[in-house]
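Asks: Below is the structure I would like to discuss, written out as structure tokens.
The values are calculated or read from the model by the stated rules, or taken from the named source; none is laboratory data. All of these numbers come straight from a predicted model, not from anything done at the bench. Positions of Cβ are generated from backbone atoms using ideal geometry, with glycine treated the same way; all protein chains shown enter the neighbour counts. For the accessible areas, the whole protein counts, side chains as well, though only heavy atoms, and no ligand, DNA or RNA atoms are used. Shrake-Rupley method; radii C 1.70, N 1.55, O 1.52, S 1.80 Å.
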Amino acid sequence: MSSPQKAVDCQVCGTFFPSRNALFKHLKTSSCGENNPLAESAAIAEHDEDSDTGRLQFIVRMTNDVLKTNYSLVSFDKKKGKHLLQLLNDILASLDPAMKTDVMMEDNNKTVQRMGEFLAAILNYKPTSSQDFQNALTTGDPNAVYPIMYWVLKRMPENHKRVYLAKYLMPVNIPQDMIASDDGVREVYDHYKVLVSQFKEVHKNVDRLGGFSKADSAKSQYDSLDKEKEQMQARV
């Protein structure tokens with residue numbers, strides 16, 4: 001059985017609260033939280049990632065680490081709508097610079113499509129509800145966006161690896177009728193598929209021997225894949 005929480009006081013206004021949780025609620029709804037980050041830290045110290053507050057604390061800490069920002073739990077909690085989607089996009093852009101954009105100026109449908117495809121196709125994010133996922137990227141509702149942010153930030157090393165491998169393993173979109181009718185395209189495409197298979201084996205061996213960080217030892221394999229993709233895309 002957990003021990004009862006002791007009464008604590010707000011170091012800004014001096015008000016006493018029966019528990020740290022009560023103090024945290026006070027900090028979220030008053031100016032004291034903005035003016036006293038030490039009091040805020042004390043208020044959330046007992047939370048772990050199994051609680052909503054613990055997960056939010058993790059999101060804030062990791063966002064600050066990834067984006068080199070300095071959000072407090074209170075200031076982060078104020079992010080809503082496109083402002084929150086911009087933060088999510090910035091986190092995704094830290095994985096792939098091609099994702100960098102000003103969400104505030106982007107069409108909503110474009111935002112949903114772009115971020116949705118990156119999360120699902122590249123990072124292999126599987127939402128529990130497609131409707132909630134759509135809602136998150138459309139409205140920027142914190143209740144819908146936070147689970148996505150938590151999932152991404154919790155798996156940053158794995159996500160970096162997925163983005164890296166996607167450059168070589170994402171299928172090249174070549175019309176089937178072109179493959180069937182153009183001998184040159186078919187030859188390059190068949191060679192490309194062979195290189196992809198070889199790449200997978202090389203990468204497995206590199207991963208097993210020295211880890212992902214040493215994958216540069218297979219650089220010639222990667223360069224060959226790049227050249228084949230460029231040739232096919234030039235023909236389409």
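Asks: Roughly what would the spin-label model give for Lys126 and Lys154, points 7 Å off Cα along C-beta, in nm?
Replies: It is 1.4 nm.
Asks: Can you give me the solvent accessible area of Lys126 with a 1.4 Å probe, rounded to the nearest 10 Å²?
Replies: Looks like 150 Å² after rounding.
Asks: Quick check: pseudo-label points 7 Å beyond the Cα along Cα→Cβ at Asp190 and Asp77, how many nm apart are they?
Replies: Roughly 6.4 nm, to one decimal.
Asks: Here's another thing I want to ask about it. Are any of the pairs Lys100/Lys167; Lys110/Lys161; Lys68/Lys100; Lys68/Lys154; Lys126/Lys161 more than 22 Å apart by Cα-Cα distance, and if so, which?
Replies: Pairs exceeding 22 Å: Lys110/Lys161.
Asks: List the residues whose amide H sits under 5 Å from the amide H of Phe17, counting only those 5 or more places along or on another chain, with H placed 1.01 Å from N in the peptide plane.
Replies: Long-range HN contacts for Phe17: Val8, Asp9, Cys10.
Asks: With the radius of gyration and the Kirkwood radius both derived from the Cα set of the range 91-134, what is their ratio Rg to Rh?
Replies: Rg/Rh for the range 91-134 comes to 0.97.
Asks: Counting only protein chains, not ligands or nucleic acids, how are Ser75, Ser31 ordered by accessible area (probe 1.4 Å), most first?
Replies: Ranked list, largest accessible area first: Ser31, Ser75.
Asks: If you don't mind, another one. In whole angstrom, how long is each semi-axis of the equivalent ellipsoid of the range 68-171, when you take the square root of 5 times every eigenvalue of its Cα gyration tensor and sort them from largest down?
Replies: 21, 16, 14
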